[in-house]
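Following: one structure in structure tokens, then a few remarks.
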Amino acid sequence: DRGFSVPVIMVTGQGDERIAVEAIRARASDYIIKIGGYLTTLPPMIYKALKQHELALENARLFETARSRSRDLTWERDRLEAILRGIGEAVIVTDPEDRIILLNPVAEEWLGVQEGVVAGQRFLFCLPDLQFADAWSRWLDDNPDFSNQQLQIAYPTARVISATRSRVLDEAGAVLGQVTVLRDITRERVLDRMKTGFISNVSHELR
């Protein structure tokens, strides 16, 4: 209790059981009565107490290491979630069965769903925009990973989206989950159409 950790064996000339109980309550490792032959019994008792003490110290060290790692992992997870929830693109994190683990606020807004309602559900099954869901399903049939795939979301707000989806693998190659990032390219597509129209008009006038 004062910062010391030492195994103690109580050696007494009194064979009172009450004293033995009090010794154990006081955190003595063991108890031995000074009667004939006790010096023969004492060394193995000391060895046993030392091994138990060593095991207790190792368990305490392992527990503290595990608790420290748990704190680090919790902090890292919270930091990552804060980053994902704060960025301006839609982020969807799903498990190996494609069940929703995380939707950041942008994803909730663009897809018209709420994480608290759809968490644990299959991603495709919770999408209110059926055309989006159909296009997503066809992409997955072709390739579980894709980059910069374009599609349109009609609900709740019409948008042109560029989607990138990547599986997260462990060292053995097993799928831990998927991370999908959606980028709103509606304005880019409008500007492209305006540019194309301008070039077409200029070419027509020149002819």
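Looking across the stretch 83-123, the residues that are assigned to a loop (DSSP other than H, G, I, E, B), within 18 Å of the chain's Cα centre (by Cα) and loosely packed, with under 13 Cβ neighbours inside 10 Å come down to P96, E97, G120. Residues in the stretch 130-176 that are open to solvent by 30 Å² or more (accessible area, probe 1.4 Å), polar (S, T, N, Q) and over 21 Å from E97 (Cβ atoms): Q131, S147, N148, Q149, Q150, Q152, T157. Quick check: anything in the stretch 156-168 part of a helix (DSSP H, G or I), more than 21 Å from the chain's Cα centre (by Cα) and touching a residue at least 12 places away in the same chain (Cβ under 8 Å)? The answer is no, given that none of the residues of the stretch 156-168 is part of a helix (DSSP H, G or I), more than 21 Å from the chain's Cα centre (by Cα) and touching a residue at least 12 places away in the same chain (Cβ under 8 Å).
The set of residues in the stretch 124-147 being touching a residue at least 12 places away in the same chain (Cβ under 8 Å), part of a loop (DSSP other than H, G, I, E, B) and under 19 Å from R167 (Cβ atoms) consists of P144, D145. Looking across the stretch 177-189, the residues that are open to solvent by less than 20 Å² (accessible area, probe 1.4 Å) and within 23 Å of L130 (Cβ to Cβ) come down to Q178, T180, L182, I185. Could you please find all residues in the stretch 17-38 being among the charged types (D, E, K, R), modelled with pLDDT of 70 or more and in a helix (DSSP H, G or I)? Result: R18, E22, R25.
Once the stretch 26-59 is narrowed to residues that are open to solvent by 60 Å² or more (accessible area, probe 1.4 Å) and aliphatic (A, V, I, L, M), the residue that is farthest from V8 (Cα to Cα) is I35. Within the stretch 140-169, the set of residues being of a type outside the set (G, A, S) and closer than 18 Å to G112 by Cα comprises L151, Q152, I153, Y155, P156, T157, R159, V160, I161.
The values are calculated or read from the model by the stated rules, or taken from the named source; none is laboratory data. Note that the coordinates shown come from a computational prediction; the quantities given were computed from them, not determined experimentally. Every residue, glycine among them, receives a Cβ derived from its backbone with ideal geometry; neighbour counts consider all protein chains shown. Keep in mind that these areas ignore ligands, DNA and RNA; they rest on the heavy atoms of the full protein, side chains included. Shrake-Rupley method; radii C 1.70, N 1.55, O 1.52, S 1.80 Å.
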